[in-house]
Amino acid sequence: MKQAIDELEKTLRLQALAERSSHVENVLRHAFLAELAGEVWRDDPNEPLGISKTEVDDSGYAPAATQNPPAVATSKSPT
């Protein structure tokens, strides 16, 4: 009987994951980025960390992180 309950529990959990896959993906992404940011901060608290979301491909979103992001060039119009 216990094994049947375990199989039912497994089926229900898999169904919940499938129905909330976007939520699960976002939670995992945030956990990963929090860990990454913590490592960068421990190495150098003043080090900037830029995080971007790349374009969607066939596999889904692929977050990109850069350390020491390049300075943004700005130009002024001649007056």
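The values are calculated or read from the model by the stated rules, or taken from the named source; none is laboratory data. Note that the structure is a prediction, hence the values are computed from the model and not measured. Every residue, glycine among them, receives a Cβ derived from its backbone with ideal geometry; neighbour counts consider all protein chains shown.
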(message) Taking the criterion of being in contact (Cβ under 8 Å) with a residue 12 or more places away in the chain and out of contact with any helix residue (DSSP H, G or I) (no Cβ under 8 Å at 6 or more places or on another chain), would at least one residue in the stretch 6-15 satisfy it?
(response) no
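Let's see how each residue does on (1) of a type in the set (A, V, I, L, M, F, W, C); (2) more than 21 Å from T66 (Cα to Cα); (3) modelled with pLDDT of 90 or more; (4) touching a Leu at 6+ places or on another chain (Cβ under 8 Å):
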{"position": "M1", "(1), (2), (3), (4)": "yes, yes, no, no"}
{"position": "E9", "(1), (2), (3), (4)": "no, yes, yes, no"}
{"position": "Q15", "(1), (2), (3), (4)": "no, yes, yes, no"}
{"position": "F32", "(1), (2), (3), (4)": "yes, no, yes, no"}
{"position": "E35", "(1), (2), (3), (4)": "no, no, yes, no"}
{"position": "E39", "(1), (2), (3), (4)": "no, no, yes, no"}
{"position": "R42", "(1), (2), (3), (4)": "no, no, yes, no"}
{"position": "E47", "(1), (2), (3), (4)": "no, no, no, no"}
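Can you pull out every residue in the stretch 1-52 that is within 18 Å of the chain's Cα centre (by Cα) and among the β-branched types (V, I, T)? I'd like the intermediate steps shown before the answer.
So in the stretch 1-52, the residues within 18 Å of the chain's Cα centre (by Cα) come out as 17, 20-41, 48-52.
Residues satisfying the conditions are V24, V27, V40, I51.
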(request) Consider S52 carefully, then state whether it is at pLDDT below 70 and exposed (fewer than 11 other Cβ atoms within 10 Å of the Cβ). (result) no
(request) Show the residue pairs that are 6+ apart or on different chains and have beta-carbon atoms under 6 Å apart, the first residue being within the stretch 32-46 and on the phi < 0 side of the Ramachandran plot, the second being loosely packed, with under 12 Cβ neighbours inside 10 Å. (result) V40/E47
